[in-house]
Amino acid sequence: MQVGLIGLGKMGLNIGKNLIDHEHQVVAYDLNAEAVQEMEKYGAKGTNKLNELFESLEKPRVLWVMVPHSAVDSVIGEITPLLEQGDIVIDAGNSHYKESIRRYHQLREIGVSFMDAGTSGGMEGARNGANYMVGGDQEAWAITEPIFRDTAVEKGYIFTGKAGGGHFLKMVHNGIEYGMMASIGEGFEILEKSEFDYDYEKVASVWNNGSVIRSWLMELTEHAFSQDAKLDSIQGIMHSSGEGKWTLETALDLQTATPVIAMSLLSRYRSTEQDTFTGKVVAALRNEFGGHAVDKK
Ligand SMILES: O=C(O)[C@H](O)[C@@H](O)[C@H](O)[C@H](O)COP(=O)(O)O
């Protein structure tokens, strides 16, 4: 089928190529000329004009939006005057599910269907077989299922119904991702501080063969250590894009105890600071009441 792809970043380009590999026609839009050219070379029709994108697509149009969550509203704002009744807008990025519910209702008012599609599997998945968690209308799903099925790994997609359900599921998935990664990281830190001299690539490899914790994350761990045996070239600063925070906020709203996800998020925040004011205050107080030593600057 024909897909209008908006956003040719790392994920968008890979999804576009994946769609073309599966005999779908891609009309690709981005302001970045290089990305448009790359997509054209791969067989897409490319443009940097939204009206051209819309004119090139058969109706009802299927628009796959692959942009950072902070840009989704501005994209929707730009395409709204061009959208027509029956068109389908898919947000395949990592948006907050409440925003997706709002956007669903906003577009429904003009007869446009909005689908919230959480996409997992990273760049490699986007290129060769992704994983999708999709919410939205059944009618829109009936039309769009082939593009999800074809670009996903086998059994790698789910339609959750009800708007917001796709991005909610992806949010929780990412909360789990935070906890799992933190646990892997902490395990290796204990190894690093121990009296034993382990080869971490080999450790990750052996854990990937038959052990309970074998996983794609452990495979990636093995790969990372194969590139840099002790990760000496990078700093232990863990950035985050928001999904872990949303998971924790949602858990709190639902009065659900999620200590692992909470701590993994907080340890990411902590990792971005060299020193903390909390630490200074506690050190000062220990010194105040007990005369305990402080480390001077
Ligand atoms: O399932 C996935 O493929 C990943 O979760 C993907 O969506 C992305 O890597 C995260 O958004 C990174 O999230 P943080 O920046 O919050 O770690």
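Structure values in brief
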read-out	value
Net charge dipole size for the chain [Lys, Arg +1 and Asp, Glu -1 on Cβ; Debye, nearest 20]	540 debye
Rounded, prolate or oblate (a/c below 1.5 giving rounded, otherwise prolate when a/b exceeds b/c) for region 170-272 by Cα gyration tensor	prolate
Region 1-92: trypsin sites (Lys or Arg not before Pro) falling in loop per DSSP and having at most 12 other Cβ within 10 Å	Lys49
Beta bridges by DSSP in region 72-218, antiparallel share as percent, to the nearest 5	40 percent
Paramagnetic reach from Glu186 (point 7 Å along Cα→Cβ, amide N under 15 Å) across region 246-282	258-271
Accessible heavy-atom area order of Leu63, Leu252, highest first, probe of 1.4 Å	Leu252, Leu63
Distance in nm between pseudo-label sites at Ser194 and His239 (7 Å out along the Cβ direction from Cα)	3.3 nm
Lys pairs, region 138-267 - Cα-Cα below 27 angstrom, 8 or more residues apart or on other chains	7
All lysines inside 20 Å of Lys297 as judged from Cα atoms, apart from same-chain residues fewer than 8 positions distant	Lys280
Cα lying deepest toward the dipole's positive end in region 2-162, options Gly118, Ile15, Val89, charges on Cβ	Gly118
Within region 170-272: Cβ-based charge dipole about Cα centre, in debye rounded to nearest 20 (Lys, Arg +1; Asp, Glu -1)	320 debye
Mean Kyte hydropathy of 0.0 or more with a Cα span along the axis of at least 30 Å, helices from DSSP in the chain	165-193
At R0 = 22 Å, FRET efficiency that the Cβ-Cβ distance of Glu139 and Lys10 yields, to 0.05	0.10
Filtered trypsin sites (Lys or Arg not before Pro), region 138-184: DSSP coil and at most 15 other beta carbons within 10 Å	Lys162
Prolate/oblate/rounded label for region 185-243 (Cα gyration tensor, a/c 1.5)	oblate
Fluctuation leader among Gln274, Gln235, Gln37 - the chain, Gaussian network, Cα springs under 10 angstrom	Gln274
Lysine pair number, Cα distance threshold 27 Å (strictly under), region 30-126, separation 8 or more or different chains	4
For peptides 137-147, 240-250, sequence by mean Cβ density within 10 Å, most packed first	240-250, 137-147
Solvent-accessible area per residue for the chain (1.4 angstrom probe, square angstrom)	56 Å²
Farthest toward positive dipole pole in the chain [+1 Lys/Arg, -1 Asp/Glu at C-beta], among Ile147, Pro259, Val203	Pro259
R0 of 30 Å, Cβ-Cβ distance Ser267-Glu84: FRET efficiency to nearest 0.05	0.05
Apportionment of accessible area to carbon and sulfur, region 2-162, percent (1.4 Å)	49 percent
Of the GluC sites (Glu not before Pro) in region 54-83, those whose Cβ has at most 12 other Cβ within 10 Å and which sit in DSSP loop	Glu58
Centre separation in Å (Cα based) which lies between region 23-59 and region 133-153	21 Å
Total charge dipole magnitude, region 2-162, about the Cα centre, Cβ charges on Lys, Arg, Asp, Glu only, Debye to nearest 20	300 debye
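The values are calculated or read from the model by the stated rules, or taken from the named source; none is laboratory data. Here the structure is a predicted model, which is why all the values come from computation and not from measurement. With ideal geometry, Cβ positions are generated from the backbone for all residues, glycine too; neighbour counts draw on all protein chains shown. Areas reflect the complete protein model, heavy atoms only, side chains present, ligands, DNA and RNA absent. Shrake-Rupley method; radii C 1.70, N 1.55, O 1.52, S 1.80 Å.
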